[in-house]
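The block underneath contains the structure these notes are about, expressed in structure tokens.
The values are calculated or read from the model by the stated rules, or taken from the named source; none is laboratory data. Keep in mind that this is a model prediction, so the values were computed, not measured. Virtual Cβ from ideal backbone geometry, glycine too; neighbours counted across all protein chains shown. The area values use the complete protein model at the heavy-atom level, side chains included, leaving out ligands, DNA and RNA. Shrake-Rupley method; radii C 1.70, N 1.55, O 1.52, S 1.80 Å.
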Amino acid sequence: MTRSWNGLRRALAAVLVGSVAAATAWARLGPVARGTVWAEDGGVFFREHLALGSLPSIVHPYAGYLHLVPRMVVDAAFLVPVPWYAVAVSAICCALTGAVCAGVFVLAADVVPSAPLRVVLAAVPVLLPTAPWEVLGNAANLHTFALFLAPWVLSHRTRTWWGSALLGLVAVLVVGTEVQAILFLPLLVLAWQPWRTVPRASRLRALPVTLAALVAAAAQLVTATTTERESAPGDPSVRDVVTGYLLQTLGGLWRADVAAVGRSVVASGWGVLVVPAVLVAAVVVIAAVVAVRDGRPRAAVLSVVLAAGSAVVWTAALVANASANGHWSRADPTALVVATPSRYAAAAGLLLSAALVVAASVLVDRVLRRPATDGRSAAATTRRVLLAGVGWVVVAGLVTSWVVAFPGVAQRSSGPAWRPQFTDAVAQCRREPDGAVRIETQPWGARVPCALVLADGQGEP
């Protein structure tokens with residue numbers, strides 16, 4: 001009975017976390033952004049759904065890799081009348097982002113045992129200061145949140161075969177959506193480590209997620225090697241990678257207004273970002289050492305991997321996309337003071353934030369698990385208390401940055417809203433029912449067949 005109650009309580013907690021996270025993502029976008037179609041959602045994904053159909057379009061490559069979940073979102077949004085397409089995509093994407101938050105809350109339990117700190121970890125995707133600018137609430141950037149979920153899916157140790165099968169399905173969706181999730185495949189080693197309280201044979205429960213992840217990774221690699229990418233590869237200098245990371249990823253961790261960070265750099269030099277970067281690195285390293293000494297190797301591995309993954313993901317984005325490199329180390333001051341958030345920095349920022357929360361959990365947990373009366377010296381107790389204080393300062397800093405940045409600004413906050421454009425579109429389609437109309441999106445536009453415009457009674461007076 002107790003086990004059933006605990007399971008129900010955990011499930012209810014996950015549902016609550018996911019629901020609040022989804023509502024937060026929805027609120028941060030604002031009404032205009034929620035009703036405006038973004039980029040590929042009204043471009044490639046929209047066109048190819050019409051041209052190829054639902055199932056073929058889901059596995060159709062774009063920009064060199066697969067986009068399983070974004071394609072599925074677009075397919076689902078076509079189930080509602082086309083004037084509601086923008087709102088449907090936003091709602092589904094916010095719900096899926098909430099599901100990512102709930103998933104992290106559940107999967108991180110053995111790494112971040114404190115429920116309040118795990119809530120902070122789960123909230124990272126929807127509360128990162130720069131998230132609303134481009135990545136929240138649209139299918140084109142759902143891969144960012146898949147990347148955030150990937151380390152937790154691949155490293156998790158499941159207790160049941162049902163959980164293993166479900167995690168395998170999630171692994172297919174994650175890796176089949178974000179090619180960079182392949183970088184975290186080595187974390188599968190952690191999934192094969194058995195729980196101490198179960199027989200060693202139970203490690204086979206990691207087999208479904210392992211096979212699923214490897215098959216999805218193979219599909220991504222085959223796609224990447226057989227599909228031509230239209231984006232020109234980049235050739236960034238080391239200084240551009242470092243300064244861009246400091247400005248966009250680290251700066252975007254604390255300020256939604258990256259231009260304000262740029263103004264600080266112009267006024268005081270790059271030292272205003274180098275010092276915080278050193279402190280962040282020190283916190284992660286110290287926490288990893290503490291975790292190893294306390295017999296928590298999983299926490300040590302994940303804190304380091306998440307932080308290193310943040311830097312690798314940022315570097316890979318600049319190497320793969322010439323357009324991603326802002327040449328920050330050589331940029332004119334006028335370019336720095338008008339800088340806007342980068343979607344590539346959002347992915348790196350999510351991983352870096354997660355690394356900091358895991359590190360803070362390790363430092364705080366030392367005091368929670370080892371009271372001052374454990375017979376240790378006063379000096380050891382003082383060190384534990386000081387380290388816990390550092391952990392709480394890190395958490396407080398992150399939460400404060402989230403509160404200050406709420407709700408945020410999205411690129412599509414100025415429209416053009418999708419649904420109001422259908423008033424004129426209906427009139428035009430009544431005159432030319434076999435034609436198509438152009439509906440403006442941000443930043444492009446979509447050709448919508450009049451058959452869709454006039455469907456479901458839209459063409460009736």
- Message: Cβ contacts < 8 Å: first residue within 20 Å of L121 (Cα to Cα), restricted to the range 289-315; second residue of a type in the set (D, E, K, R) and not in a helix (DSSP H, G or I), any location; separation 6+ or different chain. Result?
- Response: R298/D110
- Query: If only one of L136, L147, L127 is under 13 Å from the mean Cα position of the chain (by Cα), under 27 Å from V258 (Cα atoms), at pLDDT 95 or above and open to solvent by 10 Å² or more (accessible area, probe 1.4 Å), which one is it?
  - Reply: L127
- Message: Looking at the range 30-47 only, could you name the residues that are of a type in the set (A, V, I, L, M) and out of contact with any helix residue (DSSP H, G or I) (no Cβ under 6 Å at 6 or more places or on another chain)?
- Response: V44
- Message: Being out of contact with any strand residue (DSSP E or B) (no Cβ under 9 Å at 6 or more places or on another chain), among the small types (G, A, S) and in contact (Cβ under 8 Å) with a residue 60 or more places away in the chain narrows it down to one residue among A181, A191, A99; which is it?
- Response: A99
- Those residues of the range 381-440 which are farther than 27 Å from V280 by Cβ, of a type in the set (V, I, T) and free of Cβ contacts under 8 Å to residues at least 60 places away in the same chain amount to T423, V426, V437
- What is the residue count in the range 395-421 for residues that are aliphatic (A, V, I, L, M), surrounded by 15 or more Cβ atoms within 10 Å (Cβ to Cβ) and under 20 Å from the mean Cα position of the chain (by Cα)? 5
- Residues of the range 156-201 that turn out to be assigned to a helix (DSSP H, G or I), open to solvent by less than 40 Å² (accessible area, probe 1.4 Å), modelled with pLDDT under 95 and out of contact with any Ser or Thr (no Cβ under 7 Å at 6 or more places or on another chain), as a count: 1
- Message: I need every pair where a residue in the range 14-40 that is more than 18 Å from L142 (Cβ to Cβ) has its Cβ under 9 Å from the Cβ of a residue that is of a type in the set (D, E, K, R) and open to solvent by 40 Å² or more (accessible area, probe 1.4 Å), sequence separation at least 6 or different chains.
- Response: G35/R419
- Query: In the set P236, P208, which member is within 21 Å of S155 (Cβ to Cβ), buried (at least 17 other Cβ atoms within 10 Å of the Cβ) and either at pLDDT below 95 or under 25 Å from the mean Cα position of the chain (by Cα) (or both)?
  - Reply: P208
- Task: Grab the helices (runs of 4 or more DSSP H) fully contained in the range 8-111, keeping just those with 3 or more residues being touching a Phe, Trp or Tyr at 6+ places or on another chain (Cβ under 8 Å).
- Result: 44-52, 68-77, 85-107
- Just need a number here: residues in the range 56-112 that are under 28 Å from R229 (Cα atoms), surrounded by fewer than 24 Cβ atoms within 10 Å (Cβ to Cβ) and not hydrophobic (A, V, I, L, M, F, W, C). 8
- Among (1) over 30 Å from P61 (Cβ atoms); (2) not in a helix (DSSP H, G or I) - the single one G234 does not satisfy: (1)
- Say whether the condition of being among the charged types (D, E, K, R), assigned to a loop (DSSP other than H, G, I, E, B) and surrounded by fewer than 19 Cβ atoms within 10 Å (Cβ to Cβ) is met by at least one residue in the range 262-273. no
